[in-house]
Amino acid sequence: MTSPAPSPQAGGPAAAAALAALDPADQDLILRLVLARGNLKEVAASYGVSYPTLRSRLDRLVRRLQELLQGRRPDPMADLLADLLREGQLSPSAARRIRDLHRERLEAMRGPGA
């Protein structure tokens, strides 16, 4: 388990920038969670998903926010592969091969010296 990111000041520029950098679906999850007063079962029901599914999505959202607050860009491919692994839809060796191929393709697209 990773240690939590340093807490930004409430309403501070880093926190506002991190929240603004989230995609609309993640912003919607935060809004629903706040309006439901933190009741994850209620939020899961509003999405029509199970509690464990919502918990997984919330964990991923927390990781994204921590990365943004630490100045790192989130890696959506790594998030997707982790979810597929956790759900048993992908083996660890297949996930590594996909991740490595994805990274190779990204590097090739950036070109040499980029």
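Annotations
- Restricting attention to the range 22-53 and to residues that are assigned to a loop (DSSP other than H, G, I, E, B) and not hydroxyl-bearing (Ser, Thr, Tyr), the residue that is nearest to Arg86 (Cα to Cα) turns out to be Val49.
- Against the criterion of being closer than 19 Å to Leu19 by Cβ and in contact with a Ser or Thr (Cβ under 8 Å, 6 or more places away or on another chain), Arg63 qualifies.
This table checks each residue for (1) in a helix (DSSP H, G or I); (2) under 24 Å from Leu31 (Cβ atoms); (3) touching a Ser or Thr at 6+ places or on another chain (Cβ under 9 Å).
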| position | (1), (2), (3) |
| --- | --- |
| Arg55 | yes, yes, no |
| Leu68 | yes, yes, no |
| Leu85 | yes, no, yes |
| Arg97 | yes, no, no |
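Bear in mind these aren't lab numbers, they're just calculated from the coordinates by the rules spelled out. What you are looking at is a predicted structure, and each value in this text was computed from that prediction instead of being measured. Cβ: placed from backbone, ideal geometry, glycine included. Neighbour counts: every protein chain shown.
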